[in-house]
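Below: one structure, written as structure tokens.
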Amino acid sequence: MYFCTNVCILKVTIVDIAKKLNITPSTVSRALAGNKRISEKTRELVKNTADTMGYQPNQLAAALRKGVNDSIGMVVPRINRHYFSNVICGVEEVLNKAGYNLSILQSSELLEKETNAINTLRQSRVGGIIISLSLETENYDHLKELNEQIPLVQFDRVCESITGPKLVNANYDGTRQATQYLLDKGCKRFLHLAGKDTNNVYKERKRGFTDALKDAGIPEKNIEVVEIIPTREEGRDVITKLWKHQQFDAVICAGDYAALGVMEALKQINVSIPDEVKVLGFANEPFAELMSPSLSSVEQYGEEMGRKAAYAMLNKIKDDSLDYTEVLPVKLICRESTR
């Protein structure tokens, strides 16, 4: 490595390595790229020499040759949600080690912002896009078009009819297990605050809930399903309106924020949790264990989801024909709100 008088460091180039080994620059370039036309011995020698000399590949030049840059785009519904922030950490962990940067945009649960985010990333010539769909997304034309142009990986909220890697949580199993747990606790009158049925996540959670109760022989008159946007405000409003006309001893929510609102409303009308009503959420947000009583919930392993999505993207870049769905396990976390 060479030093100039103002202490800046001149980058080692392929030409420097070639001179050191007395071979051509093109041989060094091919060896560093892993070209099998270069012998394994030479490839290993070039790599070791490059490492010793502190060689850093010119990412911009490589990007220009490929027609894309070394960034992967990511679109999430909300960056400030605990689950999605954990997914982002997992994605970055894998992609950074593989030499990729991550560009993250959020849709704020709006289809228009999701479409604009995708267009922005495409214009930036990212090497692929990892996405979880917004709650508004019911038309998938923009995704179908995107899938024909660059590698696409979907996670969590997905369009099942679009080919390519899809990573989803065990939403059906998680909610079914949670419902069975409340049945075992002796609950007989159930309310499910569900998300939109057009969303694969909420559809599967509702199916797990209804199947568990059907198999247990719970009569339909003892089951209520209300479709909401799973927010704290809507959870609180539903309980405030329903409790006057219909009472229940178990509430299972499609998300922890809705469960938070449910518990606030029940406390306000002096309903004891868990003695009179047991409450259970989904996502295991950080506040769940800090509440009083603490909230039982279903844990989704966000960082593992992120790692799986990142590996799926790296494999999709290598093999565009990849098309599969992987279901990641979840875990019921039992706390005071159901004990």
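Taken over segment 235-273, the residue count meeting the criterion of being touching a Cys at 6+ places or on another chain (Cβ under 6 Å) and on the phi > 0 side of the Ramachandran plot is 0. Residues that are of a type in the set (D, E, K, R), open to solvent by 20 Å² or more (accessible area, probe 1.4 Å) and not in a helix (DSSP H, G or I) within segment 264-303 comprise Asp275, Glu276, Lys278, Glu299, listed in sequence order.
Taking residues in segment 232-254 that are assigned by TED's automatic domain parsing to the domain that holds Lys196, and partners anywhere that are among the acidic types (Asp, Glu) and in a strand (DSSP E or B), the pairs with Cβ atoms closer than 7 Å and at least 6 places apart or on different chains are Gln246/Glu224; Phe248/Glu224. Restricted to segment 228-247, and to residues there that are open to solvent by 30 Å² or more (accessible area, probe 1.4 Å) and modelled with pLDDT of 95 or more, the residue that is farthest from the chain's Cα centre (by Cα) is Asp237. Tell me whether segment 152-163 contains one or more residues that are in contact with an Asp or Glu (Cβ under 9 Å, 6 or more places away or on another chain) and not polar (S, T, N, Q). No. Taken over segment 95-121, residues that are within 17 Å of the chain's Cα centre (by Cα), hydrophobic (A, V, I, L, M, F, W, C) and assigned to a helix (DSSP H, G or I) amount to 3. Filtering Ile88, Ile79 for residues that are outside any loop (DSSP other than H, G, I, E, B), among the β-branched types (Val, Ile, Thr) and modelled with pLDDT of 90 or more leaves a single hit, Ile88.
Does segment 213-222 contain any residue that is farther than 25 Å from Ala170 by Cα and basic (Lys, Arg)? Within segment 213-222 (the criterion being farther than 25 Å from Ala170 by Cα and basic (Lys, Arg)), the answer is yes, since at least one residue qualifies.
For segment 283-314, the tally of residues that are farther than 30 Å from Asn101 by Cα and of a type in the set (Asp, Glu) stands at 1. Each residue in segment 305-339 was checked for being surrounded by fewer than 16 Cβ atoms within 10 Å (Cβ to Cβ), assigned to a helix (DSSP H, G or I) and under 19 Å from the mean Cα position of the chain (by Cα), and 1 pass.
The values are calculated or read from the model by the stated rules, or taken from the named source; none is laboratory data. Since we're looking at a predicted model, the values are computed, not measured. All Cβ positions, even for glycine, are placed from backbone atoms using ideal geometry, and neighbour counts span all protein chains on display. Keep in mind that these areas ignore ligands, DNA and RNA; they rest on the heavy atoms of the full protein, side chains included. Shrake-Rupley method; radii C 1.70, N 1.55, O 1.52, S 1.80 Å.
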